[in-house]
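What follows is a single structure, written as structure tokens, with notes after it.
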Amino acid sequence: MTRSLMRRGLSPRRLAAAALIAATTAFSPTGASAADKLVLLLDWFVNPDHAPLLVAQEQGYFTEEGLDVEMIAPADPSDPPKMVAAKRADLAVTYQPQLIAMVHEGLPLKRVSTLVATPLNSLIVLKDGPIQTLADLKGRRIGYSIGGFEDVLLGRMLASAGLTTDDVTLINVNFALSPSVMSGQVDAVIGAYRNVELVQMDLEGRPGRAFLVEEHGIPPYDELVIAAHADNAADPRFAAFNRALEKGVQFLVNHPEASWELYIRGRPEVADEGNRRSFFQTISRFAHSPAALDHGRWRRFATFMADAGLIDAPRPVEDYAQDWR
């Protein structure tokens, strides 16, 4: 369920640089006391999904709340939740489906904030291609990157059109999602992010069409959440963190152009047209109240995962998430 760094086309040189930056940042001295310091591990390298965090940092909102928040990009995107579970970091950016699965695997984690409050996952085809409805996928080739959760999403989406996975041919495209559909290797891809792959395809002059998971049989869920160790989920620093994050979201919504300038400040590697378009397409997806928890929504999605065989019987929402409202 974790997206791969290579999916964004990061070269081995840039991967090495990201690892070096993470290692250097992790041991950099700070002027704040240990009580005020929070180490936040990102899910991968800086991208528009992290915009509220960066805006809150650049605007000084964390400082106003008495926090020194250190954000670290991981060398391995699967590491952050494990490091938080081992109490080697305070917070980690992860995904609601992944978090629920990890709790059932025994990892002591709880959601304390919501970052991206809508699904980003989608099934994408060429806009001017032969696939105009999901029913048109019968007999077609569908690319995927990661089995398991994406298989479940695809199966439920196909079922909404009266199809099953037996009606299509699945091809592992090794994270080359938009290239594989643009080249004709496959007719569609599942697991594509609507704020990334659609931008890439448009920039290549091959616009895409997205079938959104939440409109085709999948219960809505929070794409990106921030998790803490279950034992520490009630740490009062997280209430301050959420207040600062909410200010970041508010500034983003009210001042998108100024927020873009804050996002790229000191980060020339993200100041390109693809990131710019993705940035503005993601703004409407951010949680306006990061602290708030929709118990019914989490309960419904855990039930969906259990029905799909991804977890055993769903647990109380309080086992998955801390409500900071």
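The values are calculated or read from the model by the stated rules, or taken from the named source; none is laboratory data. These numbers were taken from a predicted model, which means no experiment stands behind them. Every residue, glycine among them, receives a Cβ derived from its backbone with ideal geometry; neighbour counts consider all protein chains shown. Protein only, heavy atoms only, side chains kept; ligands, DNA and RNA dropped before computing areas. Shrake-Rupley method; radii C 1.70, N 1.55, O 1.52, S 1.80 Å.
For the chain, averaging the sequence separation of C-alpha pairs within contact (under 8 Å, six or more residues apart) and dividing by the residue count gives a relative contact order of 26 percent.
With only the Cα atoms considered, the range 184-325 has a convex hull volume of 165 Å³ per residue. Just so you know, the averaged projected area of the alpha carbon convex hull for the range 172-218 sits at 3.4 nm².
In this label model, residue 170 and residue 234 are separated by 4.2 nm, measuring between points 7 Å along each Cα→Cβ vector. Applying both filters, DSSP loop and at most 12 other Cβ atoms within 10 Å, to the GluC sites (Glu not before Pro) of the range 52-109 gives 105. Nearest 5 is fine: what % of DSSP beta bridges in the chain come out antiparallel, could you say? DSSP beta bridges in the chain are roughly 60 percent antiparallel. Applying a DSSP loop filter and a limit of 10 other Cβ atoms within 10 Å to the chymotrypsin sites (Phe, Trp or Tyr not before Pro) in the range 76-182 leaves nothing.
Considering only protein heavy atoms and a probe of 1.4 Å, how much of the accessible area of the chain is carbon and sulfur, as a whole percent? Carbon and sulfur together cover 51 percent of it. Expressed in units of 2.2 N^0.38 Å, where N is the residue count, the Cα radius of gyration of the chain is 0.98.
Heavy-atom accessible surface of the chain, averaged per residue, reaches 41 Å², computed with a 1.4 Å probe. When both the range 103-151 and the range 211-230 are represented by their alpha-carbon centers, they are found 10 Å apart.
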